[in-house]
Every structure is written in C-alpha cells, then in structure tokens.
Amino acid sequence: MRRLFRSVRQFRSALRYQRNHIHNGLAKRPIISADKNLGSLYKSPHNLDIYRQGYNSSIISRALSTDAAKVTNGEVNRAGPFVEYERRIAAGELVDGDSCQVGTLRELQRLYDQLVESANACHLDRYSASEKSGRSRWLWSRLMPQSSYAPVKGLYLYGGVGTGKTMLMDLFFDQLPCNWRKKRIHFHDFMLNVHSRLQKHRGVSDPLEVVAGEISDESILLCLDEFMVTDVADALILNRLFRHLFNNGVILVATSNRAPDNLYERGLQRDLFLPFISTLKERCVAHEIGSSVDYRKLTSAEQGFYFIGNDLSDLLKQKFEELIGEHKASPQEVEVVMGRTLEVPLGANGCAYFPFEELCDRPLGAADYFGLFKIFHTLALDGVPIFGLHNRTAAYRFVTLVDVMYENKARLMCTAEGTPHELFERIVTISDAQHMAPRTSSRSRKNDDFDLCVDNELGFAKERTISRLTEMNSKEFLEHHAAMVAEKQQQQLILQEVGIENALQA
C-alpha cells in the first residue's frame with residue numbers, strides 16, 4: 001500500500017511539473033507586437049456581451065544560459081529558483097521575464113543558498129526535529145525561557161498585482177528539499193488555521209504561544225502568499241503570534257501587494273499593530289518587485305464564462321447543466337470549520353451553483369469559501385452587481401471569494417452587470433477621491449455619485465480582483481484548470497481500482 005501511494009504521489013508530481021504553473025501568466029504563448037490589440041467586447045447570438053480583455057504586450061528580452069539545470073531520472077536537479085527559472089526559459093516553458101523579476105529571483109536564490117548552507121543550524125530537517133508537542137514546548141518554555149532566532153532572515157516580497165510574486169515564491173518553494181520542515185499556504189487559510197488552533201487550546205494561559213509552538217514544530221520555513229491584514233482580530237494577534245514564531249526559529253517568506261509600512265493602513269487600533277511591522281522588518285528582508293507589467297492581463301481571454309448583461313440566469317443554468325453532464329444537481333451541505341456547514345443550492349460533478357446574494361450577501365467569510373472549494377472545482381455565480389457604497393460589505397466578500405478561488409485554481413462561470421473594471425468603478429481610495437474634480441457652478445451637488453464608496457483597503461484590493469478575474473477568464477487558466485481536474489479524476493480511478501483489487505484479495 002505504501003508503494004502504491006508513493007506511485008500516486010510521483011504521478012501527481014509529474015503532471016504538476018508538466019503544467020509548470022500555466023496560471024501565473026508567464027506560461028509560453030505567442031509574442032504579440034506591441035501595437036496589436038487582441039481583445040474587445042463582442043456580441044453573442046443571445047445578444048449579450050462576453051467580456052474579453054484587450055491588451056498591449058511589451059516584454060523585455062534578456063540573454064540566458066541554455067544549460068541551466070539538468071533533469072536526471074525524471075526528477076529536477078534542485079539548484080535553486082534562479083537556475084530553475086533559466087532552465088524553464090531554455091526549455092521553452094516560460095517566456096522571458098523582465099528585469100524586475102530577475103532581481104527578485106536573485107534575492108530568492110540568495111535566500112535559498114543561505115538556507116542550504118545553514119540547514120542544520122536552522123533545524124530544517126524534519127527527521128532530526130524535536131518531537132515535543134505544542135503544549136510540551138509551552139510547558140518547557142515556562143521552566144527554561146529561551147529565544148532562538150534563526151541565523152537566516154526571511155524575505156518579504158511586495159509589489160503591484162500580476163507581477164509574478166506568487167509564481168516566483170512557488171518556484172522557490174518547489175526547489176526546497178523534500179525532507180525540510182516547510183509549508184506554503186495562503187494567508188487567509190493560515191489565519192483560519194491559527195484561529196481554529198486557538199479554539200482548541202482555550203484555557204491555557206498563553207494559547208498563542210502553544211499555537212506558535214505547534215506551527216514551528218511542523219514548519220520552520222513558512223511561505224505565506226497574499227499577506228494582507230484587513231481584520232481587526234487578525235491584526236491584534238499577529239504581533240504576539242509572530243514574536244513567538246520568530247523566537248522558535250521560524251523563517252518567513254511572504255508575498256503581498258502592500259509594503260510592510262502600509263499593512264493594515266487606517267485600520268482600527270492600528271497602534272497595537274505597529275510593533276508587528278517593526279518585528280517583520282527586523283526578521284525579513286523587504287524587496288519590492290517594481291514591474292509595471294500585469295502578466296495576468298497578457299493571457300488570451302478567448303474561452304471565458306464571464307457573461308455581461310441582465311436576465312441571463314437561464315443561460316448560466318444551461319451552461320451549468322452542460323458542465324455537470326449526466327449528473328443530477330441537487331442541494332448539498334458542505335462542512336467548513338469548527339462544526340459549521342454551508343448550504344449549496346445546487347451541486348453536482350464538482351460544480352456548484354449560487355445566486356450572488358446567497359454567497360456574498362450573507363455573513364460568510366474565507367473559511368466558508370475554503371470549505372466550498374475543497375469539494376467543488378467550479379462555481380456558477382448568478383448576478384454579480386456593480387459595487388458601491390450601498391453594497392460595500394458584499395464587495396469585500398466578493399474580493400475574498402475571488403482570492404480563495406484563485407488560490408484553489410477554481411473555475412468561475414458568472415453573470416455580471418459589467419466588466420470587472422465596471423464592477424469596481426465606484427470603489428475608490430482616499431487618494432483617488434481627493435483627485436476627483438471639485439464642485440463648480442457647472443458641477444453641483446446634484447451631479448455627485450452618492451453611491452461612491454471611499455474605502456482605502458477595498459480600493460486597493462480591487463486592482464488585484466480585476467486582475468484575477470481577467471486571468472480566470474483566459475484560455476491559459478481554463479486549460480490549466482482542465483488539466484488539474486483530469487489529474488484528480490485519474491487519481492480517483494487509480495484509488496478505486498486499488499480498492500477493488502484489495503477487496504477481491506480479501
């Protein structure tokens with residue numbers, strides 16, 4: 001049985017390696033001249049608009065070595081992210097990156113080299129790690145207080161949307177030795193896990209220390225994607241949590257759209273959050289990816305399921321029925337966290353159908369969405385509205401929903417009142433609002449947009465959501481999604497065959 005699961009794991013790795021992160025927007029595609037517009041809005045036979053993103057491409061060329069990393073016995077010879085990046089370009093698996101990404105890769109390669117050199121001092125090997133449980137570690141620390149910072153500083157990557165931060169961190173993570181205590185996780189998912197552990201350890205004098213002990217026992221190298229603090233409950237515990245984690249020798253690698261000093265900007269009780277920023281800057285090297293290219297928008301939006309217009313519910317249900325095939329859709333119940341469940345109006349064959357109000361106008365959050373996409377790989381969402389002051393809370397939930405879907409590489413099929421840009425036109429930052437035209441004799445109060453929503457955090461996050469919706473509608477993303485679903489189905493067939501064989505032998 002152990003040999004079987006090893007075979008399945010190798011099969012998954014081979015397929016994953018073959019796809020090489022097509023969804024990151026850097027996958028190989030035809031180079032288009034800068035003056036050629038590839039997309040526009042077009043009318044369907046049903047007299048509805050289907051959103052396609054137009055773009056101009058501009059890629060900076062760079063000469064690279066062709067004999068970067070070698071593949072032997074079906075496994076990549078791990079030499080670090082920079083070498084692997086060159087190997088992929090030489091093999092034609094990625095297009096040439098820009099100079100900003102190359103600078104970031106050098107930082108990741110530097111960190112990789114330091115970790116390899118200091119692996120023993122950092123206690124990265126899981127087989128030589130301490131076997132103390134989180135509570136035992138907490139008890140021991142009461143008797144023998146001690147601090148053990150890692151000899152290597154982490155890395156905090158920040159920059160604009162779609163600049164390749166996640167792809168670069170994943171490339172770094174995939175090059176790390178398999179026996180290291182490491183974890184790569186989305187920040188939303190990480191914080192949900194932290195709160196779940198805190199519930200489990202209620203009654204302990206310092207549950208955060210116990211939770212930090214458990215996390216550091218499992219993972220000394222922690223890679224967090226999309227580091228973004230919007231919740232006051234998260235903001236208030238991050239400083240103490242990471243102080244314990246860093247004291248336990250944890251090394252943090254994180255990606256974010258925000259510079260460290262701009263995290264949780266204008267948030268409630270931000271003065272209590274500021275010590276965390278100081279700790280973060282002390283234990284991590286902050287590096288900005290200064291690229292202005294949004295690689296998600298360089299994908300070809302040719303086969304998307306983003307339908308623009310009103311009264312398109314029947315069309316969406318028809319597309320939903322086509323996707324589920326011979327399966328019969330019915331209401332389902334999904335377990336999320338801590339005993340909570342989420343009602344799915346219609347679900348079948350890995351596809352879920354929701355009216356927008358039931359998923360984003362109810363008190364749901366990241367935990368519910370993560371639970372949903374552990375079961376379903378496709379969401380049909382009916383009636384995404386234009387966002388403004390009147391539905392600001394729903395806009396926040398929609399942003400979180402898209403983040404979770406993107407992290408889980410889920411497929412979105414939806415009807416909406418406008419293009420991704422139009423959905424968020426009334427959401428602006430304070431800076432944007434200050435630059436709006438002031439009232440004059442010809443522009444009176446009656447011409448004001450009273451549904452304008454001035455929200456710094458949401459105004460900042462909307463660019464990421466627009467970028468992700470654009471990519472999720474692209475041919476490349478949908479091809480990657482189809483490959484992922486096919487891989488899972490293949491794994492299920494293998495396991496079913498093994499189950500039948502074991503039953504026959506019994």
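Worth a mention:
- HIS123 contributes an accessible area of around 110 Å² to the protein surface, as traced by a 1.4 Å probe with all chains present.
- For region 362-407: rounded, prolate or oblate by the Cα gyration tensor [a/c cutoff 1.5]: prolate
- Heavy atoms of ASP189: accessible area, 1.4 Å probe, square angstrom to 10: 50 Å²
- Packing-based ranking, highest mean first, of 251-259, 199-207 given that Cβ atoms within 10 Å are counted: 251-259, 199-207
- Inter-part distance, region 317-343 to region 395-411, computed on C-alpha centroids, equals 17 Å.
- Per-residue SASA entry for LEU272, accessible area with 1.4 Å probe, Å² rounded to 10: 90 Å²
- Protein-only accessible surface order, largest first, of ILE237, ILE220, ILE430 at 1.4 Å: ILE430, ILE237, ILE220
- Evaluated at q = 0.15 Å⁻¹, a Debye calculation over the C-alpha positions of region 333-424 (equal weights, vacuum) places log10 I(q)/I(0) at -0.53.
- For the set LEU222, LEU315, the ranking by accessible area, highest first and with no ligand, DNA or RNA atoms included, is LEU315, LEU222 under a 1.4 Å probe.
- The aspartates and glutamates whose alpha-carbon is closer than 14 Å to the alpha-carbon of LYS200, local same-chain residues fewer than 8 away aside, are GLU209, GLU214.
- Averaging over all projection directions, the Cα-based convex hull of region 226-271 occupies 3.4 nm² in the image plane.
- ARG397, ARG392, ranked by accessible area, largest first (probe 1.4 Å): ARG392, ARG397
- Links that overshoot a 31 Å alpha carbon limit, given the list LYS317/LYS475; LYS328/LYS488; LYS183/LYS317: LYS183/LYS317
- Per-peptide average of other Cβ atoms within 10 Å, ordering 399-405, 492-498, 373-379 highest first: 399-405, 373-379, 492-498
The values are calculated or read from the model by the stated rules, or taken from the named source; none is laboratory data. Predicted model, so just to flag it, every value in this text is computed and none were measured. Here the Cβ is made from the backbone with ideal geometry for all residues, glycine too, and neighbour counts use every protein chain on show. Only protein heavy atoms, including side chains, enter the accessible area calculation; ligands, DNA and RNA are left aside. Shrake-Rupley method; radii C 1.70, N 1.55, O 1.52, S 1.80 Å.
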